[in-house]
1. Only residues that are touching a helix residue (DSSP H, G or I) at 6+ places or on another chain (Cβ under 7 Å) and away from chain B (no Cβ under 14 Å): list them for the range A:189-201, please.
2. Being surrounded by fewer than 24 Cβ atoms within 10 Å (Cβ to Cβ) and in contact (Cβ under 8 Å) with a residue 24 or more places away in the chain is the requirement here; does residue B:317 meet it?
3. When you look at residue A:183, is it under 30 Å from residue A:229 (Cα atoms), modelled with pLDDT of 95 or more and either within 14 Å of chain B (Cβ to nearest Cβ) or buried (at least 24 other Cβ atoms within 10 Å of the Cβ) (or both), yes or no?
4. Out of the range A:166-183, which residues are more than 20 Å from residue A:354 (Cα to Cα) and part of a loop (DSSP other than H, G, I, E, B)?
5. Being at pLDDT 90 or above, assigned to a helix (DSSP H, G or I) and buried (at least 20 other Cβ atoms within 10 Å of the Cβ) narrows it down to one of A:38, A:52, A:21, so name that one.
6. Looking at the range B:247-355, what helices (runs of 4 or more DSSP H) fall wholly within it and have at least 2 residues that are modelled with pLDDT under 80 and more than 30 Å from residue B:17 (Cα to Cα)?
7. Go over the candidates B:225, B:218 one by one and state the one that is without any contact (Cβ under 8 Å) to a residue 40 or more places away in the chain and surrounded by 22 or more Cβ atoms within 10 Å (Cβ to Cβ).
8. Is it true that residue B:170 is within 13 Å of chain A (Cβ to nearest Cβ), at pLDDT 95 or above and buried (at least 24 other Cβ atoms within 10 Å of the Cβ)?
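The values are calculated or read from the model by the stated rules, or taken from the named source; none is laboratory data. Remember, it's a predicted structure, so these values are computed and weren't measured experimentally. Quick reminder, even Gly has a Cβ in these numbers, built from the backbone with ideal geometry, and neighbours come from all protein chains shown.
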């Protein structure tokens, strides 16, 4: 019998979601970061509080030129992590950096989410160390979206250079990716493929063969092995792989647009007619190839840590920063992490113990 | 003291190089195979003898329609290996196939080289089993050429799905690739990169880290780790990797052209102006993207087996078949295999014993 009158906490006005923004992260920091924060603050109003972490003396002048927004705060951080800085050194010796201070706010629950367009490896390593993993997660992962023929992107994970993944790691990537795709992309029962060199069950490395068995039993909508060509064809919603392959494919894919531009430039150099043709075609190319550029997708989530973290490309525009903050807010509201924990706790114990 | 009068065998007219062609291999077999053989036979004359292996009753009618060429012979084979047939079954139960009979001619030295546009895995597995490895080679490999910004292709190996390669395998791939690039592509001291997730020495999987050390010592022109983006940028002449990554990247790369065509088709569907623009641009695209299509490169060598074997794409044209036969003849003449054997025998013993 259910008592509908007394259960549950009293209904209160929900407190604002607090998002920390690493204001020094990107290539155009802090300008793009501050402008992005202002965009989203005006849109979301008092439901969201944005905490800009970074060099106060640089951030405040940019802020003060704009209309005052009460939902933006600034926390000073004197050090800045560069794109080339070694991730493992941050926790040890870079504790005055915006990246560290921002993630420490997440760790101490002074913030619900963390957003950065900075050093991906640095965020991943520091967030994992500081915040810890969601119970049941063997290894946090970062994914990347690929455009497909179908128009619906494929989420490839891991691309964050978790190398030498064990079969259980790949199983966990599939669970986290499935929860994310369902809650954040609205895909009812997202399909999962295991990246491999053939469709047959016995194909691939020892790790892939064992992972295949786990994926059949861990509760995701596993459709079997997929091959390199299936990423762009959109055969499945989620492709799981070791971070070694994932990172290599991501970087290969990122280089295609530059390669094509070079090709077209070389063609234009052949003569005036060719130059005119390429000129006329430039907008077509741009339109048709736009989402070959992964930057269009804005940030990607770091899945599996305690707390929400979104990582964006270094060259993120103010709009991209604003989108990342919105995505972070949505991840908090939809309780992606709680759902990951619940899903993993209900997987068969044979999988839980397979690490 | 050198006796110049008596040493060495007497000078004789060199016997013709014998190339076996799997006449039933490709998607358009045997027509394209026979026509390709005729093209090259007319060009090379009596220096080369081509042995067509396949269904005599189908091959002879095509041959007899053409001008008689004495340097082409036919060996009957009643069975045909399909593209989907399981490679491991060929040696056991498909000994009447053109693939098996052709490779058996290579094994028994009745031919110097073998060419097929058929089942790649089948040729690789059967050739390795029948002909054996060149002394010192831990694992035969198949590579693939990628177009680059520089115009000079990158040779990626292994792409033949040698999965779970040991560090010594990767070292051997680099030696075989270097010999091939020097003798066949005329590159004086081909540069070699190890495919990895970062440039620093300590990056990557355990296998990659160990392979890095072997590559520094095995005598190739090793420039260090390279990343996914370096394949199309032409940073190095040769990129070595495990066949798991190599095969996945190859199949991903092969899917790009189809993806782009789909994109442009979708753009054309937006309206009449768009359709006209795409129509006008079609030849430009074709010209600029031509060598994104790996078929343009013709066949690739299977390196490391005793005997020369060239494998081409299923849809090889007669010209592609002719090019493959010429490449095979060149590999025999330039003694690629003998040079591989000599080079491997002179590598430090620490590497030889590292398997």
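1. The answer is A:190, A:192.
2. Answer is yes for this residue.
3. Criteria not met by residue A:183.
4. Residues satisfying the conditions do not exist here.
5. A:38
6. Of the helices (runs of 4 or more DSSP H) lying wholly inside the range B:247-355, those with at least 2 residues that are modelled with pLDDT under 80 and more than 30 Å from residue B:17 (Cα to Cα) span B:272-289, B:349-352.
7. Answer to the selection: B:225.
8. So residue B:170 fails the test.
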